[in-house]
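Have a look at the structure below before the remarks.
Only the coordinates and a few stated rules stand behind these numbers; no lab work does. What you see is a predicted model; the values in this text were computed from it and never measured. Because the Cβ atoms are built from the backbone with ideal geometry, glycine has one as well, and the counts that use them run over all protein chains shown.
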Amino acid sequence: MRFSPGFRAALVALLALTGAGTSSAAHADSGSIQLWELKGGWIIGASGGGGTLIFHGRRYPLSIGGLSAGLVFGASETRLYGRVSNIRYPSDVAGVYGGAGAGAALLVGARAIVLRNEKGAVLTLSGRQVGLIANADLSGLAISLR
């Protein structure tokens, strides 16, 4: 069976693109992350804090800050723990994350959030809130390495 040169070239290009896409995903890694955040707001909220990325056995200090809009009333301190996935280097964690989250605290409550940045890093976090706050919002969070 003979194929035209154009068909062979298209097939080789398709295989090369498919291989490039799977090889980059295959080399992505994950790490653990701990964040603390002070948050306050009335409809529009602001937050700031810090944390630590643990990647390949090394610790990397982080700074965080962000804004949220939606249902935000009150103030709280949150401690979040979880995983960061789809990263190759510690610097892949740095960036602006966006996502939806919900939580409530009347003295002590729960918080869970999943965020993705422009580099494809995904944070899956959960933890404890202390304070008086209710939120169901769209959040933006900027994380940088210190």
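For segment 71-87, the Karplus equation 6.51 cos²θ - 1.76 cosθ + 1.60, evaluated at θ = phi - 60°, returns couplings of 9, 9, 9, x, 8, 7, 10, 10, 10, 10, 9, x, 10, 10, 10, 6, 10 Hz by residue, with Gly and Pro reported as x. In order along segment 43-54, the Karplus-derived 3J(HN,Hα) couplings, from 6.51 cos²θ - 1.76 cosθ + 1.60 at θ = phi - 60°, round to 6, 9, x, 10, 9, x, x, x, x, 9, 9, 10 Hz, and Gly and Pro are given as x.
Extension gain for SER30-THR124 works out to 32.7 nm (0.36 nm per residue, less the C-alpha to C-alpha distance). Extending 7 Å from Cα along the Cβ direction at TYR89 and again at ALA112 yields two label points whose distance is 3.4 nm. Residues whose amide H lies under 5 Å from that of ARG88, counting only those 5 or more places away or on a different chain, are ASP29; hydrogens are built 1.01 Å from N in the peptide plane.
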